[in-house]
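Peer 1: Sharing a structure with you now.
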Amino acid sequence: MENGNVTEKIVQIFDDIFNIENIKINNNSSQDDIKDWDSIGHVRLMMALEKEFNINIPIEDAIELLIFNDIKDYISKKI
Amino acid sequence: MEKNVNFFYNCVGNYIISKCEEWSERPFIIDKNSAVSYTYEQYFDEIRSSLYYLDKIGLEPDDFIVIEMENSVSALALLMASIVRRIIPIIVSPDTKLNEIQQICRDCSPSAIFYSMDNEGNEVCISDIKVLPINHGVGSSATEINLLSNVNSDDIAYIIYTSGSTGVPKRVNISHHNMLVEIDSMSEAYGLAKDDCHMCILPLYHASGLYRNILLAFHVGGSVKLYKEFRYDTFWSDIQNEGITFVQIVPFIAKSLLAHKEFFINGQQNRLKFIGSASAALPVRLIKEFEENFGVYLLQGYGMTEATCGITLNPLNKENRRLGSVGKPLTVNNIQILDQDNKLLPSKTIGRIVVLGDNISNFVDAKTGNSQPGILETGDIGYLDEENFLWLSGRNQDIIKRAGYRISPYEIEDAILKIYPNLQVCVIGVQHDLLGQDIVAFASREEDELSARDIIKELKFNLASYKIPSEIIFLDNIPLTGVGKVDKVKLKELYKSMFS
């Protein structure tokens with residue numbers, strides 16, 4: 001899958017899960033920028049990524065994926 | 001109502017004033033967000049300036065106000081100031097959505113809404129109701145506070161909404177008497193004293209955080225470190241560095257700490273007496289794993305918002321606890337196990353758990369409109385053993401417990417049906433390793449173009465984020481039982497077969 005497609009899909013998942021209407025997602029977007037991205041939101045985000053990209057994200061990886069760019073790099077390597 | 005417990009104060013307002021004066025020089029609370037610390041006297045000044053704020057706005061006794069109860073000293077002082085002024089606060093989460101607040105407004109007609117600073121710039125707007133910040137910046141400690149004499153102990157001290165079983169959040173009126181007897185009874189059970197230091201990481205809009213980690217300290221002159229929220233990466237270092245002796249958690253936090261054991265400092269010297277958990281029964285396996293890994297007693301109790309806060313607690317001495325039980329009733333409570341015909345069952349026989357006591361609120365059943373002061377039908381089933389320890393066996397109702405939140409599936413179904421009235425919808429809780437339970441919605445496939453994504457996108461604007469389902473599964477038909485009710489058992493089996 002092309003990198004642009006991955007980014008687009010992840011942004012779509014963020015849009016599904018969080019209220020990001022007035023927020024522009026960029027590579028540095030983190031829990032500080034997105035109010036709904038709390039602990040439950042993070043679990044839902046990881047589940048949605050696993051489903052969308054058909055991958056398994058172990059918990060030790062999930063706790064590190066707290067910035068948009070890290071998520072993007074991680075998914076790109078996994079698929 | 002028969003009073004089982006004697007108490008000195010006629011109302012919570014006088015109790016607050018007396019306690020602030022009694023412990024004046026002692027340290028009370030550190031707001032870890034702003035790093036500002038308050039003695040009881042300084043905290044009393046905060047209450048005074050909140051009183052000035054309330055007076056300046058023109059609020060009067062018996063007015064209702066909504067407080068988006070963030071974890072801050074300002075919010076806590078505003079809550080206590082309103083109770084001192086005999087204004088009735090309605091405590092809500094800062095995450096409460098506009099339509100949920102509108103429903104509360106229809107129910108209680110509040111005069112003002114105080115919004116959390118987290119929502120600044122994005123505050124709710126409702127015509128004819130003043131919308132004001134919690135953090136007022138009004139610095140007057142000169143406001144006179146007089147002890148109240150015209151308060152009936154059965155008057156409402158505050159209101160809280162909890163998930164009901166009918167889709168309509170249940171309004172729970174906590175009286176002054178409920179609050180005072182509950183604090184007294186819980187304090188006796190927990191045995192904490194003025195040298196104890198509490199860590200408050202649970203939200204203050206939950207009775208558990210407010211009572212176990214604020215009021216239990218306030219009652220005896222203890223101190224509190226108030227955190228905005230739980231963080232697994234700093235939890236253990238804070239326990240050690242801040243000299244914490246007691247913290248209340250929820251099962252979600254226990255699981256999260258176990259998933260991040262690397263942050264536990266092996267061999268750490270801490271002052272912890274025990275860690276409390278009460279919002280859902282913890283599996284014995286999890287309790288054992290927690291205690292083995294972290295070397296601390298996980299003190300299990302049981303409580304409900306309708307009982308003000310706590311109902312039972314295990315003995316403080318770990319040797320005397322019964323692993324897997326939620327403990328014995330607090331002194332204020334009696335527990336009865338009843339069968340379907342309301343007959344009292346003998347010990348070790350499973351039945352409906354009914355709680356009696358002066359801490360039971362006078363709530364109104366949304367379905368029947370009835371209220372029965374002092375008696376609470378918990379909706380849980382279980383039994384008492386020969387020594388009066390309570391053992392939970394399950395729930396009669398379908399409340400979903402997701403990451404410590406109690407969520408009514410009916411509320412989510414209603415929210416979906418408001419947007420898509422032609423759908424058939426059923427929401428269930430499913431087991432989840434980290435969250436305890438997760439939320440799954442089943443919907444009938446009425447419109448081909450409609451996707452799960454579309455529904456979730458709409459729900460985001462109508463429900464707090466912790467209530468949003470993780471999955472929406474479309475079916476050609478929602479299975480029904482013989483009497484035409486949705487067959488939830490079949491749906492749970494279906495979900496299991498799809499994802500196991």
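Peer 1: Let me know the mean shielding of B:463-471 by other chains, meaning the per-residue number of their Cβ atoms within 10 Å of its Cβ.
Peer 2: Working: counts 0, 1, 10, 6, 1, 6, 1, 7, 4.
For peptide B:463-471, the averaged partner shielding equals 4.
Peer 1: Right, something else. Count the lysine pairs in the range A:3-78 whose Cα atoms sit under 23 Å apart, keeping only pairs 8 or more residues apart in sequence or on different chains.
Peer 2: So the count of such lysine pairs works out to 12.
Peer 1: OK, next. Counting only GluC sites (Glu not before Pro) that sit in a DSSP loop (anything but H, G, I, E, B) with at most 10 other Cβ atoms within 10 Å, what is the longest stretch of chain B containing none of them? Each step should come with its number before you reach the end.
Peer 2: Working: sites that count: B:2, B:25, B:144, B:386, B:387, B:449.
Looking at chain B, B:145-385 is the longest stretch - no exposed GluC sites (Glu not before Pro) with at most 10 other Cβ atoms within 10 Å.
Peer 1: Can I ask one more? How many nm is it between the label spots at residue B:60 and residue B:271, if each spot is 7 Å from the Cα in line with the beta carbon?
Peer 2: Distance between label points: 4.7 nm.
Peer 1: More than 17 Å apart: what percent of Cα pairs in chain A qualify? Walk me through the intermediate numbers first.
Peer 2: Working: 1141 of 3081 pairs.
Cα-Cα pairs of chain A separated by over 17 Å account for 37 percent.
Peer 1: Follow-up question, since we're still on this one. Looking at chain A, identify the longest residue range that excludes and avoids all GluC sites (Glu not before Pro) in DSSP loops having at most 15 other Cβ atoms within 10 Å. Walk me through the numbers on the way to the answer.
Peer 2: Numbers: sites that count: A:2, A:21, A:64.
Answer from the scan: A:22-63.
Peer 1: What ranking do B:202-211, B:423-432 get when scored by the average of other Cβ atoms within 10 Å per residue, highest first? Write out the running numbers ahead of the final one.
Peer 2: Numbers: B:202-211: 23.4, B:423-432: 19.6.
Per-residue Cβ counts within 10 Å, averaged per peptide and sorted highest first, yield B:202-211, B:423-432.
Peer 1: Right, another one. Probe radius 1.4 Å, ligands and nucleic acids left out: can you give me the accessible area buried at the A-B interface, summed over both chains, in Å² to the nearest hundred?
Peer 2: On the way: alone 5290 and 21570 Å², together 24940 Å².
Summed over both sides, the interface buries about 1900 Å².
Peer 1: Straight-line reach only, C-alpha to C-alpha below 17 angstrom: list the lysines that residue B:418 could link to, leaving out same-chain residues fewer than 8 apart.
Peer 2: Within the straight-line limit of under 17 Å, residue B:418 reaches these lysines: B:97, B:457, B:460, B:467.
Peer 1: Indicate the gyration tensor shape class of chain B (rounded, prolate or oblate), computed on the Cα atoms with a ≥ b ≥ c the square roots of the eigenvalues: a/c under 1.5 is rounded; otherwise a/b larger than b/c is prolate and the rest oblate. Could the numbers behind the result be given before it?
Peer 2: On the way: a/c = 1.45, a/b = 1.22, b/c = 1.19.
Taking the square roots of the gyration eigenvalues as a ≥ b ≥ c, chain B is rounded.
Peer 1: Which one of A:34, A:13, A:23 is farthest out on the positive end of the charge dipole of the range A:3-78, using unit charges on Cβ (Lys, Arg +1; Asp, Glu -1) and the Cα centre as origin?
Peer 2: So the residue furthest toward the plus end is A:13.
Peer 1: Please give the net charge around residue B:300, taking every other residue with its beta carbon less than 10 angstrom from that of residue B:300, where Lys and Arg add +1 and Asp and Glu add -1.
Peer 2: Details: positive: B:321, B:322; negative: none.
Net local charge, residue B:300 excluded: +2.
Peer 1: To continue, here is another question. Once you place label points 7 Å from the Cα toward the Cβ at residue B:419 and residue B:259, how far apart are they in nm?
Peer 2: My value for the distance between the label points is 2.5 nm.
Peer 1: Also, quick follow-up: Can you tell me the dipole magnitude for the range A:3-78 around its Cα centre, using point charges on the Cβ only (Lys, Arg +1; Asp, Glu -1), in Debye to the nearest 20? Before the final figure, lay out the partial values.
Peer 2: Working: 8 positive and 15 negative charges, 45 e Å.
I would put it at about 220 debye.
Peer 1: Pick out, from B:57, B:290, B:93, the residue whose Cα sits farthest towards the positive end of the charge dipole of chain B, with +1 on the Cβ of Lys and Arg and -1 on the Cβ of Asp and Glu.
Peer 2: Most positive-ward Cα: B:290.
Peer 1: Tally Lys and Arg at +1 and Asp and Glu at -1 over the other residues with C-beta under 9 Å from the C-beta of residue B:439: what net charge comes out?
Peer 2: 0
Peer 1: For a test of the definition: using alpha carbon positions, the gyration tensor, and the 1.5 limit on a/c, classify the protein assembly as shown as rounded, prolate or oblate. Spell out each step's value before the answer.
Peer 2: Numbers: a/c = 1.37, a/b = 1.27, b/c = 1.08.
Since a/c stays below 1.5, the shape of the protein assembly as shown is classed as rounded.
Peer 1: Please find the FRET efficiency linking residue A:73 to residue B:237, where r is the Cβ-Cβ separation and R0 is fixed at 30 Å, and quote it to the nearest 0.05.
Peer 2: So the FRET efficiency works out to roughly 0.55.
Peer 1: To continue, here is another question. Between residue B:24 and residue B:126, 0.36 nm times their residue separation minus their Cα-Cα distance comes to what? Please report the intermediate quantities before stating the final value.
Peer 2: Values: separation 102, 0.36 × 102 = 36.72 nm, distance 3.96 nm.
Computed gain between residue B:24 and residue B:126 is 32.8 nm.
Peer 1: Can you give me the Rg/Rh ratio for the range B:145-277, using Cα atoms for both radii and the Kirkwood formula for Rh?
Peer 2: Working: Rg = 17.2 Å, Rh = 16.6 Å.
In the range B:145-277, Rg relative to Rh is 1.04.
Peer 1: Another one. Take residue B:98 and residue B:476, extend 7 Å from each Cα along the Cα→Cβ direction, and tell me the distance between the two endpoints in nm.
Peer 2: Rounded to a tenth, the inter-label distance reads 4.1 nm.
Peer 1: Summarise the partner chain shielding of A:16-23 as one whole number: the mean count of Cβ atoms from other chains within 10 Å of each residue's Cβ.
Peer 2: On the way: counts 7, 6, 2, 4, 1, 2, 2, 0.
Mean number of neighbouring Cβ atoms from other chains: 3.
The values are calculated or read from the model by the stated rules, or taken from the named source; none is laboratory data. The structure presented is a predicted model; accordingly, all values stated were derived computationally and were not measured. Neighbour counts run over all protein chains shown; Cβ positions are idealised from the backbone, glycine included. What goes into the accessible areas is simple: the full protein's heavy atoms, side chains included, and nothing from ligands, DNA or RNA. Shrake-Rupley method; radii C 1.70, N 1.55, O 1.52, S 1.80 Å.
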